[in-house]
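The values are calculated or read from the model by the stated rules, or taken from the named source; none is laboratory data. On a predicted model such as this, the values are computed, not experimentally measured, just so you know. Note: ideal-geometry Cβ built from the backbone for every residue, glycine included; neighbour counts use all protein chains shown.
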Amino acid sequence: MTAPAKSAAIVKIATVWLDGCSGCHMSFLDMDQRLLDLAPLIDLVYSPLVDIKNFPDSVDVTLVEGSVSTNEEIEKIRKIRKHTKILIALGDCAVTGNVPAMRNPFGVAAVFDRAYRENAQLQQQNPATKLPILLDRVRPVHEVVKVDVFLPGCPPPADAIHYVVAELLAGRTPNPGSVTRFGL
Amino acid sequence: MIDPVTRIEGHAKITLKLNDSGNVVDAMFHVTQFRGFEKLCEGRPMTEMPSLMARTCGICPVSHLTASAKACDALLAVKIPQTAADLRRLMNLAQTVQSHALSFFHLSSPDLLMGFDADPVQRNLFGVFKQEPQLARDGIRLRQIGQTIIQILGGKKIHPAWAVPGGVNRPLSAEDRDKMLAMLPEALEIGQRTLQWYKRIAAHFTAEARTFANFPTLFMGLVTETGGLEHYDGNLRVVDSKGEILVDQFPPERYLELISEAVEPFSFMKFPYYKSLGYPQGIYRVGPLARLNLIDHCGTPIADQEWAEFREIQRGTVLSSFHYHHARLIEIIFGIEMMERILRDPNILDTKVRARARPNRNEGVGVAEAPRGTLIHHYRIDDNGLMVWANLIIATGHNNLAMNRGILQAAQHFVEADRISEGALNRVEAVIRCYDPCLSCATHALGQMPLKIELVNPTGEVVHAIQRN
């Protein structure tokens, strides 16, 4: 990538993990040594990879993995949208609902029955103490908040993630269609 | 007095219960994500399962791919070609190496390098890079080598559609074999260098080793026919905390005779237990520590030497979950040595890599050792090969009872009556990290899990609260 001039402001980046498998985050890590090259240009202000708890007040770019599947995730993604300039739906679960949304035709009750009654031998019950409430219908991120960039793939390849981040760092609008596609 | 706590990254949280004297008497680890693969697969062709079930986890997708393909082999009622089995074994080992690298370098090395009381802002991989660039580069490179081997075999690093019912979908070329072989010496060098570093610094963490889930449990895992370290095939062995073998060469498809699952209201992750001891006495552990505790040997020269030294830590079995880190590093070395052995066998280039058949049975079980422990996929199909039922027991799930008890032990040691220091907070999290915080199979909560704990008195008043930043 072409690195912006040293004087360029450090770009604040966040990564968020809703209902997904973490594969998109692993693909982010698959940037490998390029992560260390990016390190001086970005500040990873919130991510499962760092020890910061609260989503900061102002984030330049947030990459969101996963679909919206619980009441808590709705609140979370709304809060994130409010404090993010450019929100990227990272991967097919965020973009379409993908695998998590495959539970939609069955309904929450049937899915719980399989896991906690049929496939359990002791204390069969639906866990509900201090736990989020599952939505009747799993949704892609853009059904809940505005998404600025869609980056599909299962997961999007590391090169595609790097391309998007590098374009944004250079002040250009990325065109992910050239580097990834659904189901890739 | 009860209920401290809040959330960790939205996906897991911890409650510490206090008694009247302010001592921690119970700990609950809430896993807050639920995915429903056991149901959502229903009605779909069994042939889709390896690719679909791999989506359970992006950190160890190859484990799910492997266990799923093996369950499908059982549905076809075929014995797959030896080369196909060797190729699957190879990919599974590559994944063990990359996943263990993630756990050790990306997630745990900040604590080990900087100490558990270090500034949380620095306590991540980038902080490691600033302080010890070689360590961070080693971790990135080792993970990259594992991921690249997966890519060479399966076409992509994450969620390769490669293992299929009956084998794998393409044979290996000599050129690709050589590319993989060329990376292994560097991987071995990193593995050995890191293990030596770890052994030097481990001496600084005696308090942690004593209190991070240091208690007797059973251990379960697969072993080879001769009791060696096994990740792809083999049979189940269970040992007790003294190292006595309770069950040996047990066919994994009969897992339901050994273990049952309980549900607790506070977690989406179920609580498997060793059936004959009952619940919750039937607590057992799986994963690298368990595997190294229950085998008779690893089966490769360097790993065997390191394993012998590892077992010197404690007579019987090594009980503290802190030593998962050490075990993981030995398994990295084993994985690299074993991959080399597999690749040096000329039969690895054989082009017969798939047995073809229609479904011949309505029920099949596939079991493999994931990086975090024994992984069980159990499917039922109708006569058309469509899924009617699935049961998955995920590696991390087996450790659920032990994680809860481990959190309790660390909290009792490090949490003062009415105050929690940042260091205590980090140590409570770190207990979970020992088991390898990829709860993503059963849930989420990767890595450095920031959390907030509140201590609340009986009237609901917050006595003390702590959180990061």
task: Test residue B:158 against the criterion of being assigned to a helix (DSSP H, G or I), on the phi < 0 side of the Ramachandran plot and modelled with pLDDT of 95 or more, and give yes or no.
output: no
- request: Considering each of B:233, B:304 in turn, give the residue that is assigned to a loop (DSSP other than H, G, I, E, B), more than 14 Å from chain A (Cβ to nearest Cβ) and within 24 Å of residue B:100 (Cα to Cα).
  value: B:233
statement: Taking the range A:121-143 and keeping only residues that are under 16 Å from residue A:102 (Cα atoms) and either more than 7 Å from chain B (Cβ to nearest Cβ) or assigned to a loop (DSSP other than H, G, I, E, B) (or both), one is left with A:135, A:136, A:137, A:138, A:139, A:140, A:141
field: Cβ-Cβ under 6 Å pairs, at least 6 apart or on other chains, the range A:43-59 side within 15 Å of residue A:85 (Cα to Cα), far side among the small types (Gly, Ala, Ser)
entry: A:45/A:14; A:46/A:14; A:59/A:14
task: Run down B:109, B:99, B:103 and say which single residue is in contact with a Lys or Arg (Cβ under 7 Å, 6 or more places away or on another chain) and either more than 26 Å from residue A:24 (Cβ to Cβ) or within 14 Å of chain A (Cβ to nearest Cβ) (or both).
output: B:103
- line: Checked the range B:317-346 for anything in a loop (DSSP other than H, G, I, E, B) and either in contact with a Lys or Arg (Cβ under 8 Å, 6 or more places away or on another chain) or under 25 Å from residue B:243 (Cα atoms) (or both); matches are B:317, B:318, B:319
query: Only one of these conditions is not met by residue A:132: (1) closer than 28 Å to residue B:29 by Cβ; (2) at pLDDT 95 or above. Which number is it?
result: (2)
- request: Name every residue in the range B:157-202 that is closer than 22 Å to residue A:32 by Cβ, in contact (Cβ under 8 Å) with a residue 24 or more places away in the chain and charged (D, E, K, R), in order of residue number.
  value: B:176, B:179, B:186, B:193
query: Would it be correct to say that residue B:135 is in contact with a Leu (Cβ under 8 Å, 6 or more places away or on another chain) and at pLDDT 95 or above?
result: yes
